[in-house]
Amino acid sequence: MKCNVCGAEIDEGTVTCPYCGCAPEGDGRKTTVYSSTEAGNADAGSTDSTSFSEGYEGVSEPAVGLKWANFLGYFALWMGALVNVAMSYEILSGDHYNNGFTTAEMIYDFYGKGLKYADIFYGACLLIAALLAVIGAMSILKFKASAVKLIPGIYLYNTVVVTVYCALATGITGVNYFSLSQVLVIIFSVIMFCVNLGYFNKRRHIFVY
């Protein structure tokens, strides 16, 4: 069965979702959870406050959806990783300069090794971005606490990498590398950073493992 609050797969008949701490069919508010021993003490009227506090998991967290997180974890981040790997190959191999009239060798001979080193830097950063996307997707699917900072961080990383590369290449060649597509990538990454920062901060009570 699925938890109605966070959407996680849980065992049939589960009283409290192990991922979000809510009653699977409840109102989306986390409830106090005790071990079986502590529950027995409660039934017996025990006044030992230590026994109860050790089993406490949290109270009154608001219900929030996870559709966006699931979209990122199951699809978007994986696709982003594949795109980054493909782009990295194109950059490192010099294919982005091969258009029938020029080759990578011609471009590097004309502008010098500085541009080649900038391309190597960018290609390596794209591979790192792909790895971060995979790690981020897994952190979402496993409800890891690291997802809260990692997912916004991935988009911030992308923003910095694209901006630095375009600035380096422009400075080396004198040609404006801040094309419309690159500017749109930067704007998109900034927006995604802001969106995910707020989104995952509101779900800290779910991503706790």
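General remarks:
- Kirkwood analysis of region 67-191, using all unique Cα-Cα pairs, places the hydrodynamic radius at 15.5 Å.
- Calculated from backbone phi, Karplus (6.51, -1.76, 1.60) coupling profile of region 179-186 in Hz, x at Gly/Pro: 6, 4, 5, 5, 5, 5, 4, 5
- From least to most packed, judged by other beta carbons within 10 angstrom and beginning with the fewest, Phe143, Phe121 follow the order Phe121, Phe143.
- Distances between placed amide hydrogens fall under 5 Å for Cys22 paired with Cys17, all partners being 5 or more residues away or on another chain.
Read-outs throughout are calculated quantities, based only on the coordinates presented, and are distinct from any laboratory measurement. Only a predicted model underlies this, so the values are computations on that prediction, with no experimental measurement involved. Ideal geometry is used to build each Cβ from the backbone, glycine not excepted, and the neighbour counts take in all protein chains shown.
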